[in-house]
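Report on one structure; see the data block that follows.
The values are calculated or read from the model by the stated rules, or taken from the named source; none is laboratory data. None of the values given here were measured: they were computed from a predicted structure. Don't worry about glycine lacking a Cβ; one is built from the backbone with ideal geometry, like all the others, and counts go over all protein chains shown. For the accessible areas, the whole protein counts, side chains as well, though only heavy atoms, and no ligand, DNA or RNA atoms are used. Shrake-Rupley method; radii C 1.70, N 1.55, O 1.52, S 1.80 Å.
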Amino acid sequence: MAAWLRRREARPVYDPAFGDTALAAGREDMLLGRWEGARDLLARIPGEWDRRAHRIRLLADAAAGRRTVDLWQASEPRNPDAAVLRAETEVMRMFAAARTGESVGLERLERTARFCHRAAGLAPADPYPWVSLLALGRLYPGGHSEMSAWWQEIVARDPYHREGHHQALRYLSARWHGSYGAALNFAWDVTCSAPEGSPLAALALVARAEQYPHRVRTEGKAALGLAHHWSDERACADLRNALDRWIAYRVPRAQDVADLNYLAHGLVKAGMTDRAGVVFRLLDNRATTVPWSYTGDPEQLFIRWRDEAAAG
């Protein structure tokens, strides 16, 4: 019997590093005030934009509440990796301030943008400083006039940059500066052009998952069409497309655990539990809180559908 079936009664594993043990160690170093581990970690993956993006995001998340990356950049002011990580950390600090209701005025936003532009100058081949700017653009009242230019900088360096596309999707969502239709149209365009095996085939599922709680908050659970959010014809076509264009040709990527959870969630919500088994097997009991938390207790829902898929 497969190992994942034997562990059906086990609690899901929540690992933000998604199995990247070196990244987990680097995050711990950041929390303890040691930046040398992050320096060595980022120096080992030049040009590996997918893994690099995952590591930068997780390291910045750990650094946002500390001064570790600030000390690194002060010690090595010309180090491009220090500049890129500092820029993303400053963006995360802005979002953390906004969540607490703290004023995030134009002056603070422009200061953060300067960190991103400086990082772009020190690391000209790296798409990530432009990803950081794309994320920061969400906090500008009414959006930012340079979003299109920043987007072009990303795709010029990596046309299928996973994190860049996800940040663009958030910007275009109804929660920020777009609409549900704008986000879905963007996602559909991406899934049509992305190569087979790309996790961007799941982007429309992310758009649909993110829209659900927004509609519940703004329109209520009885909103028109919400009962068929995952089961309408187009939603099912998007799910089949992800299976056929991504899973059938999949090469493992750094953030697959997150994308596989979106796919598994969409499949079971659409009543396609018979096709979710292969996705749960790939997950091997590795869960993420989002998107399961959008419709209930995330751990209970993951366990329920994991076990139903295994029994099917």
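Is it true that residue 86 is at pLDDT 95 or above, closer than 18 Å to residue 176 by Cα, out of contact with any Gly (no Cβ under 6 Å at 6 or more places or on another chain) and charged (D, E, K, R)? Before you say what the answer is, go through the steps one by one.
Details: at pLDDT 95 or above: yes; closer than 18 Å to residue 176 by Cα: no; out of contact with any Gly (no Cβ under 6 Å at 6 or more places or on another chain): yes; charged (D, E, K, R): yes.
Against the criterion (at pLDDT 95 or above, closer than 18 Å to residue 176 by Cα, out of contact with any Gly (no Cβ under 6 Å at 6 or more places or on another chain) and charged (D, E, K, R)), residue 86 does not qualify.
Can you work out which of the residues in segment 26-54 that are open to solvent by 40 Å² or more (accessible area, probe 1.4 Å) and among the hydrophobic types (A, V, I, L, M, F, W, C) is farthest from residue 253 (Cα to Cα)?
Of everything passing the filter in segment 26-54, 32 is farthest from residue 253 (Cα to Cα).
What tally of residues in segment 189-206 results from selecting those that are open to solvent by less than 50 Å² (accessible area, probe 1.4 Å) and either in contact (Cβ under 8 Å) with a residue 60 or more places away in the chain or part of a helix (DSSP H, G or I) (or both)?
Looking only at segment 189-206, we keep the residues that are open to solvent by less than 50 Å² (accessible area, probe 1.4 Å), and these are 190-191, 194, 197-206.
Retained after the next criterion (residues that are either in contact (Cβ under 8 Å) with a residue 60 or more places away in the chain or part of a helix (DSSP H, G or I) (or both)): 190-191, 199-206.
Number of matching residues: 10.
Could we say that residue 55 is within 19 Å of the chain's Cα centre (by Cα) and either modelled with pLDDT under 95 or not β-branched (Val, Ile, Thr) (or both) here? Steps first, answer last, please.
Details: within 19 Å of the chain's Cα centre (by Cα): yes; either modelled with pLDDT under 95 or not β-branched (Val, Ile, Thr) (or both): yes.
Yes.
Residues are listed down the side, and each one gets a yes or a no for (1) open to solvent by less than 40 Å² (accessible area, probe 1.4 Å); (2) in contact with an Asp or Glu (Cβ under 8 Å, 6 or more places away or on another chain); (3) assigned to a helix (DSSP H, G or I):
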| site | (1), (2), (3) |
| --- | --- |
| 125 | no, no, no |
| 138 | yes, no, yes |
| 141 | no, no, no |
| 148 | no, no, yes |
| 151 | no, no, yes |
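For segment 27-41, state whether one or more residues are farther than 30 Å from residue 303 by Cβ and in contact (Cβ under 8 Å) with a residue 60 or more places away in the chain.
Among the residues of segment 27-41, not one is farther than 30 Å from residue 303 by Cβ and in contact (Cβ under 8 Å) with a residue 60 or more places away in the chain, which makes the answer no.
I'd like the residue in segment 69-123 that is closer than 23 Å to residue 52 by Cβ and part of a loop (DSSP other than H, G, I, E, B) and, out of all such residues, is most open to solvent (accessible area, probe 1.4 Å).
First, pick out the residues of segment 69-123 that are closer than 23 Å to residue 52 by Cβ: 69-96, 112-123.
With the extra rule that they be part of a loop (DSSP other than H, G, I, E, B), the set shrinks to 76-79, 123.
Numbers: 76: 47, 77: 62, 78: 169, 79: 32, 123: 13 Å².
Here the answer is 78.
Yes or no, residue by residue, for (1) out of contact with any strand residue (DSSP E or B) (no Cβ under 8 Å at 6 or more places or on another chain); (2) over 27 Å from residue 11 (Cβ atoms); (3) among the aromatic types (Phe, Trp, Tyr); (4) at pLDDT 95 or above:
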position	(1), (2), (3), (4)
187	yes, yes, no, yes
193	yes, yes, no, no
220	yes, yes, no, no
223	yes, yes, no, no
240	yes, yes, no, yes
245	yes, yes, no, yes
256	yes, no, no, yes
269	yes, no, no, yes
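For residues that are charged (D, E, K, R) and in a loop (DSSP other than H, G, I, E, B), scanning just segment 281-300, find the one that is farthest from residue 15 (Cα to Cα). Quick ask: steps written out before the conclusion?
Keep residues of segment 281-300 that are charged (D, E, K, R), which gives 281, 284, 286, 297, 299.
Next cut, in a loop (DSSP other than H, G, I, E, B) only: 284, 297.
Numbers: 284: 12, 297: 18 Å.
The qualifying residue farthest from residue 15 (Cα to Cα) is 297.
I need a count of the residues in segment 223-257 that are assigned to a loop (DSSP other than H, G, I, E, B), under 16 Å from residue 205 (Cα atoms) and of a type in the set (A, V, I, L, M).
Kept after step one, since they are assigned to a loop (DSSP other than H, G, I, E, B), are these residues of segment 223-257: 223-225, 229-232, 246, 250-255.
Still in the list and also under 16 Å from residue 205 (Cα atoms): 229-232, 246, 255.
So of that shortlist, the ones also of a type in the set (A, V, I, L, M) come out as none.
Residues that pass the stated criteria total 0.
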